[in-house]
Amino acid sequence: MSPSSSNPDLVARADEAAAVLREASGGRPLPVAIVLGSGLNALVELFGDRTVVPYSRIPNFPTTTVQGHAGNAVIGSINGTSALLLQGRFHYYEGYDLRTITFPMRVLQRLGVQTVILTAATGGVRVDLRPGNLVCLSDHINLIGSNPLRGPADPRLGERFPDMSEVYSKRLRNTAKEEAKRLGVNLVSAVYACLPGPSYETPAEIRMLRTLGADVVGMSTVPEAIVARQAGMDVLGMALVTNTAAGVGAAPVRHEDVLEAGRKATPVFGKLIRRMVLRLAGVASEGTGSSSGEFPIARQD
Ligand code: HPA
C-alpha cells in the first residue's frame, strides 16, 4: 500500500492510481475498460501489445483475495484500439466496504475512460437459463443493503443523487445484441440481483428473487455499475450464467463449477468482447467468417 493511502480525498487517491496507469499506457488514450469476472481472466489474451501492472504496484488499490481473480491491470490493444482490463475485482464479501471495491471505477473516471464493460459470473434464476448462456444486463436490483455512493458528497465525483433509470446503456446493449447475432449467439436480456454473499443463496431466496423480477444473481457488478454511472461512464454489463441458481436444478452451487464454466465460455465471450471493442472504436462490424475475430485460446473442454 502506498503511504498516501490514508489520504481521505478519494479524488486525490484516484488521481495517484491513475497516474501510474497513464504512465504504463505510454500516453495511449484508454476509451474502454473491461472488468473481468470470475473465471474470465483469460480474456486478456484477446489483446495484443500488453503491459501488465499488478494491483500491488498501483497506489491505493486494494488486493484481490479470491481464487479465480488475478490482481492485474492490463493495458492492451485490438487493431490499434487500446483498452484497460481489470483482471480481478473486489467484492463486498471479502470484507471491503463499498467505497473500496468501487475505487477502480473512480480511477477509470480520472483516466478519461468513457465506456466500461462489466463482466460477471452469475447463477441463472430464470428457469430457462442454462450454464453457458450469455446474458446482457438490462437492469439490476441492489440487495447488498447499502450503496457505494454513501458518504461525503463531492461534485468532482458526480451528482449526489444520480439517475439510475438506464444504468446499462440501451445503445450498447443493442450493439452487443447485433454483434452476438452475427456470431450466432443468443444474447438475452437479464435483470441482475446483487447479493452480498459469500454464501450462495437458498432455494427460498432464489424463489424470492424470481418474484422480485430478477433473472440472474451474483455478488458483484452492481456497486461498480452505480459508481460508473455517477462518474458519467457508459456501462455495458455482460454476464455468463455459470450455474442454475440454488433449487433450480438438483446440483449444489460450487465455486469450482463457476470458475470452470467461465473458462469454457471464454472463447465465445472473447469473440463478443473483441467485436464490442472494435464497434466502440468505430470500426465496422467484422463478418462472421471463421478467420476473423477468432479467439486465440484453445477450448479447454
Ligand atoms: N449465486 C450468486 N453468485 C453467483 C452464482 C450464484 O448462483 N453463480 C455465480 N455467481
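The values are calculated or read from the model by the stated rules, or taken from the named source; none is laboratory data. Every value quoted in this text rests on a predicted model; they were computed, and no experiment measured them. Cβ coordinates were reconstructed from backbone atoms using ideal geometry, including for glycine residues, and neighbour counts include every protein chain displayed. In case anyone asks, the SASA skips ligands and DNA or RNA and just uses the protein heavy atoms, side chains included. Shrake-Rupley method; radii C 1.70, N 1.55, O 1.52, S 1.80 Å.
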H140's amide H: which non-local residues (gap 5+, or another chain) put their own amide H closer than 5 Å, with H modeled 1.01 Å from N in plane and none for Pro or chain starts?
-> Y192
Within the accessible area of the stretch 3-280, what % is carbon and sulfur when the probe is 1.4 Å and the other protein chains stay in place?
-> 50 percent
Tabulate in residue order the Karplus-calculated ³J(HN,Hα) for the stretch 127-134, using 6.51 cos²θ - 1.76 cosθ + 1.60 with θ = phi - 60°, rounded to whole Hz; enter x for Gly and Pro.
-> 5, 7, 7, 10, x, x, 5, 9
Apply the Karplus parameterisation 6.51 cos²θ - 1.76 cosθ + 1.60, with θ equal to phi minus 60°, to every residue of the stretch 102-111 and state each ³J(HN,Hα) to the nearest whole Hz, in sequence, with x for glycine and proline.
-> 9, 3, x, 5, 5, 5, 4, 4, 5, 7
Ordering of 116-122, 78-84 by packing [mean C-beta count within 10 Å, highest first] = 116-122, 78-84
Just name one of G151, L278, L172: the one whose Cα is farthest towards the positive end of the charge dipole of the stretch 135-290 (beta-carbon charges, Lys/Arg +1, Asp/Glu -1).
-> L278
Which value, in debye to the nearest 20, describes the size of the charge dipole of the chain about its Cα centre when Lys and Arg Cβ atoms bear +1, Asp and Glu Cβ atoms bear -1, and nothing else is charged?
-> 420 debye
Residues whose modelled amide H sits under 5 Å from the amide H of M238, counting only those 5 or more places away in sequence or on another chain, are L118, T119, A120, L137
In Hz, Karplus ³J(HN,Hα) per residue of the stretch 252-265 (6.51, -1.76, 1.60; θ = phi - 60°; x = Gly, Pro) = x, 8, 10, 4, 4, 5, 4, 5, 5, 5, x, 5, 5, 7
When the chain is modelled as a GNM with alpha-carbon springs shorter than 10 Å, which of A214, A251, A225 fluctuates the most?
-> A251
Protection proxy (average C-beta count within 10 Å per residue), highest first, orders 259-268, 105-114 as 105-114, 259-268
When ligands, DNA and RNA are left out and all protein chains stay put, how many square angstrom of accessible area per residue does the chain have with a 1.4 Å probe?
-> 41 Å²
Toward the positive end of the charge dipole of the chain, about the Cα centre and with charges on Cβ (Lys, Arg +1; Asp, Glu -1), which of L137, V227, Y192 goes farthest?
-> L137
